[in-house]
1. Within the bounds of region 69-89, is there any residue that is farther than 28 Å from SER47 by Cα, in the same structural domain as THR45 (by TED's automatic domain parsing) and of a type outside the set (A, V, I, L, M, F, W, C)?
2. Just to be sure before I move on: is GLY98 touching a Cys at 6+ places or on another chain (Cβ under 6 Å), surrounded by fewer than 20 Cβ atoms within 10 Å (Cβ to Cβ) and farther than 23 Å from TYR245 by Cβ in the structure I sent?
3. Restricting attention to region 354-379, which residues are of a type in the set (D, E, K, R) and assigned to a helix (DSSP H, G or I)?
4. Need at least 2 residues that are among the aliphatic types (A, V, I, L, M) and either outside the structural domain of ASP52 (by TED's automatic domain parsing) or at positive phi (or both) per element, so show me which helices (runs of 4 or more DSSP H) inside region 220-326 make the cut, counting only ones lying wholly within it.
5. Identify, please: which residue in region 269-320 is small (Gly, Ala, Ser) and in contact (Cβ under 8 Å) with a residue 60 or more places away in the chain and is, among those, surrounded by the most Cβ atoms within 10 Å (Cβ to Cβ)?
6. Residue by residue through region 47-65, note down the ones that are of a type in the set (Asp, Glu) and assigned to a strand (DSSP E or B).
7. Could you identify the single residue in LEU54, LEU46 that is hydrophobic (A, V, I, L, M, F, W, C), modelled with pLDDT of 95 or more and under 17 Å from ARG115 (Cα atoms)?
8. Can you list residue pairs whose Cβ atoms sit under 7 Å apart, with the first residue in region 123-149 being in contact (Cβ under 8 Å) with a residue 24 or more places away in the chain and among the acidic types (Asp, Glu) and the second being surrounded by 14 or more Cβ atoms within 10 Å (Cβ to Cβ) and assigned to a loop (DSSP other than H, G, I, E, B)? Count only pairs 6 or more apart in sequence or on different chains.
Amino acid sequence: MIKAAYLHIPFCEHICHYCDFNKVFLKGQPVDDYIKALDQEMKFTLSEFPTDSLDTIFVGGGTPTSLNEQQLYTFCESIHTNLPKSEKLEFTFEANPGDLTKEKLQILRDAGVNRISLGVQTFNNELLKKIGRVHQAKDVYQTVDQAKKVGFENISIDLIFSLPTQTVQDFKDSLTEAFSLDIPHYSAYSLIIEPKTVFYNLLKKGKLPTPGEDVEAGMYEMLMEEMEKHGFNQYEISNFSKPGYESQHNLTYWNNEYYYGFGAGAHSYVNGWRRSNTGPLRKYIDQLNNHLLPIFEDHLVTKAEQMEEEMFLGLRKSEGVSITRFYEKFACDPLQLFANELTDLRAKQWIEVQNDNIYLTKQGRLLGNEVFQAFLGVI
């Protein structure tokens, strides 16, 4: 059964130097047409692939809160009309500090949104400028304060480390500022330089002074220590929360469960099929105006692929992969299926097997991608 939905708003008022998501400058874009097309996609999809109720809805981007107040209201109404919701719904909106006004916060709150995720990245104003962000540290405090006043308790912020010229001390200073916000959830990712970004072009020209792998590893180790010291549980490689505030939506991905993906360039996993939507806005809108689902490509996931995905997605979680759950899903024992890989990874002390769980060691978390690759193309 499908229990989660992701909705993509591709509009941004500014494009960050590291971002490779499907996004466009807001100015001059057919925003109202796009919201209508999203409404159509939800209608068509739910009629073809119905579900009883959703436990999580996540609106990402782009910058969802770049919509004006009327557009935001219309979009939230569309979600409310089209998507069936459970009583325990986690409803998240991504936002940028500084562009989330009190009025927009109230619209979201009235629409049932109960979780806000802010793209903070760093509290160093010089670094914010270097990475193409337009907010400053003061905007973060102001936005979090406003969100709390409107009634939001479940607030998360994203941080990035291993930024150009960033030092371990600078990242530690950002963490100190982050803890002062008194919020229940943090996500922290190392910078990945993707093709078709400003940073990628600078790197190719030798003009991007990144800290290097050793410094990056030091930042990550310090991150884990500081989070533990402040009472945050590392429930996934890059995510930390107070008890009960884990991102239920992201756990859908790591548990390898089905989810809808709505919007230009969005991905979905429904009834065994992984699909990606058309990326260009006008093409996406035109397909829906012609009563067609905007599918760009789809792939029926084989049982072998499902089992491999179960391993490398599940290992992202601190609790790892449940052997019992794996057997219930696939009628197969992962300890036998991946015996050679598990033996090798245990010998390297990158994973551990205990009771019902296969999980990464602390050293394994530092080398996560190498661990995950061990399960690709095995079966």
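The values are calculated or read from the model by the stated rules, or taken from the named source; none is laboratory data. Here the structure is a predicted model, which is why all the values come from computation and not from measurement. Cβ coordinates were reconstructed from backbone atoms using ideal geometry, including for glycine residues, and neighbour counts include every protein chain displayed.
1. Yes: region 69-89 contains one or more residues that are farther than 28 Å from SER47 by Cα, in the same structural domain as THR45 (by TED's automatic domain parsing) and of a type outside the set (A, V, I, L, M, F, W, C).
2. Spelling it out, it is not the case that GLY98 is touching a Cys at 6+ places or on another chain (Cβ under 6 Å), surrounded by fewer than 20 Cβ atoms within 10 Å (Cβ to Cβ) and farther than 23 Å from TYR245 by Cβ.
3. LYS362, ARG365, GLU370
4. Here the list reads 281-289, 303-314.
5. GLY314
6. Selection gives ASP55 alone.
7. After applying the criteria, what remains is LEU54.
8. ASP139/PRO97; ASP139/GLY98
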